[in-house]
Amino acid sequence: MIVKAIIDEDFNNYKLPSMFIGTINCNWKCAIEGGFDISICQNSSLASQPDIDIPDNIIYTRYKENSLTNAIVIGGLEPMLQFNDVQKLIKYFRLRRCYDDFVIYTGYYKDEISLEVENLKQFKNIVMKFGRFIFNDESVYDSVLGVTLASKNQYAERIC
Ligand code: SF4
């Protein structure tokens, strides 16, 4: 999978210690719709980092060899713009009987990506965070993730 970054132990994006995978693209919908500069997006610095191609088997082995982590978070930039890669990675884990939570942070709302959400239901234990980042909005604690999200329109749901 082509990524911007992999953090083997991340404690900021889910209630379980997680491997964090940063995807490579965004269409900057939050900034365009919100009328603010792309640099305000917390993921904008990630966009300027080089892409790295890390095969799924290497990601899997790195994850399995780390006894501290119990989930995989796929996040910023926008995982839905790399949907085939995301699906392929989850399938790789599931075929090896790893049913740990995959947590997908998307800036889309659920009704904008209903086909993708339905598709992900073929896998067990998928959590999705939905919704745009709204600049200067109130933050909100999300009990599904166990973290505080940047704006109050955002929420997470266990979809399967
Ligand atoms: S979807 Fe994520 S990376 Fe894209 S503009 Fe919104 S917050 Fe930034």
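The values are calculated or read from the model by the stated rules, or taken from the named source; none is laboratory data. Keep in mind it's a predicted model, so treat the numbers as computed, not measured. For neighbour counting, all protein chains shown are included, and Cβ atoms are generated from backbone atoms with ideal geometry for every residue, glycine included. All accessible areas refer to the heavy atoms of the entire protein, side chains included, with ligands and DNA or RNA removed. Shrake-Rupley method; radii C 1.70, N 1.55, O 1.52, S 1.80 Å.
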- State whether one or more residues within the stretch 38-53 are more than 10 Å from the ligand (Cβ to nearest atom), closer than 23 Å to Leu16 by Cβ and touching a residue at least 24 places away in the same chain (Cβ under 8 Å). no
- Quick check, is Ile7 part of a strand (DSSP E or B), within 29 Å of Cys98 (Cα to Cα) and either free of Cβ contacts under 8 Å to residues at least 40 places away in the same chain or of a type in the set (Lys, Arg) (or both)? yes
- Query: Is there a residue being among the small types (Gly, Ala, Ser), closer than 24 Å to Asn25 by Cβ, surrounded by 12 or more Cβ atoms within 10 Å (Cβ to Cβ) and touching a residue at least 40 places away in the same chain (Cβ under 8 Å) anywhere in the stretch 142-153?
  - Reply: yes
- Filtered residues of the stretch 86-112 (kept if surrounded by fewer than 18 Cβ atoms within 10 Å (Cβ to Cβ) and out of contact with any strand residue (DSSP E or B) (no Cβ under 6 Å at 6 or more places or on another chain)): Gln87, Lys88, Lys91, Tyr92, Arg94, Leu95, Arg96, Arg97, Cys98, Tyr99, Asp111, Glu112
- Message: Please go through (1) open to solvent by 70 Å² or more (accessible area, probe 1.4 Å); (2) in contact with a Gly (Cβ under 9 Å, 6 or more places away or on another chain); (3) small (Gly, Ala, Ser) for Ala5 and return the number of the only condition it doesn't satisfy.
- Response: (1)
- Do we have Ile58 as without any contact (Cβ under 8 Å) to a residue 24 or more places away in the chain and either near the ligand (Cβ under 10 Å from one of its atoms) or surrounded by 18 or more Cβ atoms within 10 Å (Cβ to Cβ) (or both) here? no
- Query: Can you name the number of the only condition in (1) under 17 Å from Phe130 (Cβ atoms); (2) surrounded by 16 or more Cβ atoms within 10 Å (Cβ to Cβ) that Glu33 fails?
  - Reply: (2)
- Message: Take the conditions surrounded by 16 or more Cβ atoms within 10 Å (Cβ to Cβ), away from the ligand (no atom under 16 Å from the Cβ) and either among the polar types (S, T, N, Q) or free of Cβ contacts under 8 Å to residues at least 12 places away in the same chain (or both) and apply them to Thr69. Does it pass?
- Response: yes
- Query: Here are Leu115, Leu145, Leu149: which of them is more than 16 Å from the ligand (Cβ to nearest atom) and either under 20 Å from Asn13 (Cα atoms) or of a type in the set (A, V, I, L, M) (or both)?
  - Reply: Leu115
